[in-house]
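Take a look at the structure below.
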Amino acid sequence: LACVASANDLGAFLHVDPAAAEARARAADARLARGEGEQPGGALIGVPLAHKDIFVTQDMPTTAGSLMLKGYMSPFDATVVDRLNAAGTVSLGKLNCDEFAMGSANENSAYGPSLNPWDTQRVPGGSSGGSATAVAARLVPAATGTDTGGSIRQPASFTGITGIKPTYGVCSRYGMIAFASSLDQAGVMARSAEDCALLLSAMSGFDERDATSVQQPAQDFSAQLHQAREGATAAQPLKGLRIGLPREFFPAALSADVNQAVRAGLAELEKLGAALVDVSLPRTELAIPVYYIIAPAEASSNLSRFDGVKFGHRAEQYNDLLDMYKKTRAQGFGAEVKRRIMIGSYVLSHGYYDAYYLQAQKLRRMIADDFQQAFQHCDLIAGPVAPTVAWKRGEGSDDPVKAYLADIFTLPGSLAGLPGMSVPVGTGEGGLPVGLQLLGNYFKEGTLLHAAHALQ
Ligand code: GLN
């Protein structure tokens, strides 16, 4: 813990709680002493980790990276946190993130940036930037994250770690502070697919407190790391697996270093027995405007609960109720959050709803349909996670549209609700990490983890 605290010049942690961690560690020791570690489900007892500060926790403050929730204490634990606690993990604290998970660089946190440990002049990606930094810097072996439009996959790619965002509905959203409810999904960021499988098994599964939770029994993803496939051999464990390469994921604008690392990863998959096939996701480019209409629309509604009455911050001086709302929200929200509330309110307003929101919903369905077309020809889809390696700090802040455009490869899978991963495959400019994105059809987390594990 001293090490975690002193390494915090990387800005990974927003809160470290030695006393709470020690109590949990002692409880884990007692469970291990009883031999529970050897029993099924015992593998995570005593394993340290940390949670993205978008998951509410009873024993530590939760801020969502926002001044709006400074010092906020939740009366309950998020389901994901609760399940990982029950599995015996020891949470060391809460991890930095973009305010309400809006961003791609962790530069929208009200509590300062998190830095890429490979080059502290660079961003770690976002919005789960603190999670990525903490795992990449080896402050914790694993961390929770959330992915609405790429926030697990992109920071995992930027910091050279492995991240998985499961199918929408596989992890409960109960106690996960909502950004865009139809897209938000919890997941894991860790050093390997093997570790991701272990954690995902513990934190996923049906939860009656989340109306969109999938009614499926909890799965053992670790058991799926080694899948028996016809014709597979020890040297070629992926024999028979068809991996689709959408031509739209390899545009001319893709930077050469990323292209090269991704191609090397694909060649590796081929060596492991996988067959690479060409597929098309023709509406890839439309995913950007569609996402940046739907996500702000949902955010503007979700964030209306921060009114100075029910939660967190309230302005100190005000004239009347309306003035209190205005001042509270003006003070509590940062620039990016305000921008999204304005965009969201606009696209949902009378007269513009049909022109923007409804059109975006229709295109969202078509994007999802395109994936089903592609999955007729392949088992998994592969491509880059982001068009470049981690960019320099400060580069995205002046031009939000530029940052939005960089989400192009992660947004389509998010809009379709598909599971996705980022697996490190090499380095690009400046020796910075590059991740390969793998996308699966609904509930194919096991196949994703299997392919990623074979690569590692
Ligand atoms: N970068 C995207 C955004 O800013 C995705 C964020 C996320 O997945 N939480 O909305």
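The values are calculated or read from the model by the stated rules, or taken from the named source; none is laboratory data. Only a predicted model underlies this, so the values are computations on that prediction, with no experimental measurement involved. Positions of Cβ are backbone-derived with ideal geometry, glycine not excepted, and every protein chain shown enters the neighbour counts.
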* **Criterion (over 26 Å from S201 (Cβ atoms), touching a residue at least 12 places away in the same chain (Cβ under 8 Å) and in a loop (DSSP other than H, G, I, E, B)) met by exactly one of A403, A386** => A386
* **Residue in the range 147-169 that is farthest from the ligand (Cβ to nearest atom), counting only those that are of a type in the set (A, V, I, L, M, F, W, C) and out of contact with any Leu (no Cβ under 8 Å at 6 or more places or on another chain)** => I161
* To do: List the number of the failed condition for D82; all other conditions in (1) within 18 Å of the chain's Cα centre (by Cα); (2) part of a helix (DSSP H, G or I) hold.
  => (1)
* Can you name the residue in the range 121-134 that is of a type in the set (A, V, I, L, M, F, W, C) and in contact (Cβ under 8 Å) with a residue 60 or more places away in the chain and is also nearest to the ligand (Cβ to nearest atom) among such residues? -> V123
* Asked: Which of (1) surrounded by fewer than 16 Cβ atoms within 10 Å (Cβ to Cβ); (2) touching a Phe, Trp or Tyr at 6+ places or on another chain (Cβ under 6 Å); (3) not aliphatic (A, V, I, L, M) is the odd one out, the single condition R26 does not satisfy?
  -> (2)
* Structure fact -> Residue pairs qualifying under the 7 Å Cβ cut-off, at least six apart or on distinct chains, with the first in the range 135-159 being in a loop (DSSP other than H, G, I, E, B) and the second being among the aromatic types (F, W, Y), are T148/F179; G149/Y291
* Can you find even one residue in the range 315-329 that is at pLDDT 95 or above, under 23 Å from A101 (Cα atoms) and hydroxyl-bearing (S, T, Y)? -> yes
* Verdict on A21 being at pLDDT below 95, closer than 30 Å to H313 by Cα and small (G, A, S) -> yes
* To do: Output yes when any residue across the range 349-362 is within 24 Å of the chain's Cα centre (by Cα), surrounded by fewer than 20 Cβ atoms within 10 Å (Cβ to Cβ) and part of a helix (DSSP H, G or I), and no when none is.
  => yes
* In the range 305-356, which residues are within 16 Å of the ligand (Cβ to nearest atom) and not β-branched (V, I, T)? -> F333, G334, A335, E336, K338, R339, R340, M342, G344
* Asked: Do the conditions hold for R340, that is, is it of a type in the set (K, R) and out of contact with any helix residue (DSSP H, G or I) (no Cβ under 9 Å at 6 or more places or on another chain)?
  -> no
* Structure fact -> All-but-one check, F100 against (1) closer than 29 Å to W391 by Cβ; (2) away from the ligand (no atom under 16 Å from the Cβ); (3) part of a helix (DSSP H, G or I), failing number (2)
